[in-house]
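Trainee: Before anything else, here's the structure in question.
The values are calculated or read from the model by the stated rules, or taken from the named source; none is laboratory data. These numbers were taken from a predicted model, which means no experiment stands behind them. A quick note on method: Cβ atoms are made from the backbone with ideal geometry, for glycine too, and the neighbour counts reach across all protein chains shown. Keep in mind that these areas ignore ligands, DNA and RNA; they rest on the heavy atoms of the full protein, side chains included. Shrake-Rupley method; radii C 1.70, N 1.55, O 1.52, S 1.80 Å.
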Amino acid sequence: MEFDISTLMITFFILAFVISIWKIYAFFPNKQLKDDDKTQESHEELTKLVLHVIKSNSAELSLDVLFKKILCDERFDERHYWRFNKNRLNQLLDNYYLKNPHAKSIADIYENSK
């Protein structure tokens, strides 16, 4: 059985490819992290917290004031929601507006919560 150079090259290429795929797979996280705030449960908790802060304040909340009040709320866990920022707040509000078409602003959410 005679091996030419092209057969050896393709064999080593396939072997290197398989090893590369295995090494990449080994570095992917397989378990959910403790502080993972991208889960559905975390999303629902944050949405409830945002609604609670809106309901407990006035209808004239701006996005910046709402963000600061959420960060100061006693139910907000800074260690769990360490990635929470204004962009995440905008995403939560946009998602709420899509699910509730009658709400178009923070003031609408406040009025509907009464």
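Trainee: By per-residue mean of other Cβ atoms within 10 Å, what is the highest-first order of 44-50, 54-60? Each step should come with its number before you reach the end.
Mentor: Details: 44-50: 16.0, 54-60: 13.3.
Ranked by mean Cβ neighbours within 10 Å, highest first: 44-50, 54-60.
Trainee: I need the helices of the chain that pass two filters: whole DSSP H segments spanning 27 Å or more by Cα along the axis, and mean Kyte-Doolittle score no lower than -1.0.
Mentor: Working: long enough: 5-27 (33 Å, 2.02).
Sorted by number, the helices that extend far enough and score high enough are 5-27.
Trainee: Here's something else I'd like to know. Please give, to one decimal in nm, the separation of the simple spin-label points placed at Asn30 and Leu98, each 7 Å out from Cα toward the Cβ.
Mentor: 3.3 nm
Trainee: Select from Ile109, Gln40, Trp82 the residue farthest towards the positive end of the dipole of the chain; place +1 on Cβ of Lys and Arg, -1 on Cβ of Asp and Glu, and compute about the Cα centre.
Mentor: My answer, from the dipole projection, is Ile109.
Trainee: For the chain, which whole-number percentage of the solvent-accessible area (1.4 Å probe, protein heavy atoms only) is attributable to carbon and sulfur atoms?
Mentor: Carbon plus sulfur share of accessible area: 60 percent.
Trainee: Using mean Cβ contacts within 10 Å as the protection proxy, how do 13-25, 87-99 order, highest first?
Mentor: 87-99, 13-25
Trainee: Excluding ligands, DNA and RNA, what is the solvent-accessible area per residue of the chain at a probe of 1.4 Å, expressed in Å²? All intermediate terms of the calculation are to be shown ahead of the outcome.
Mentor: Details: 8870 Å² over 114 residues.
Roughly 78 Å² per residue, with all protein chains present.
Trainee: Calculate the radius of gyration of the Cα atoms of the chain to one decimal place, then report Dmax, the largest Cα-Cα distance, as a whole number, both in Å.
Mentor: For the chain, the Cα radius of gyration and maximum Cα-Cα distance read 24.7, 84 Å.
Trainee: Still on this structure: Under a point-charge model restricted to the Cβ atoms of Lys and Arg (+1) and Asp and Glu (-1), what is the dipole moment magnitude of the chain relative to its Cα centre, in debye to the nearest 20? Spell out each step's value before the answer.
Mentor: On the way: 16 positive and 17 negative charges, 65 e Å.
The dipole of the chain has a size of about 320 debye.
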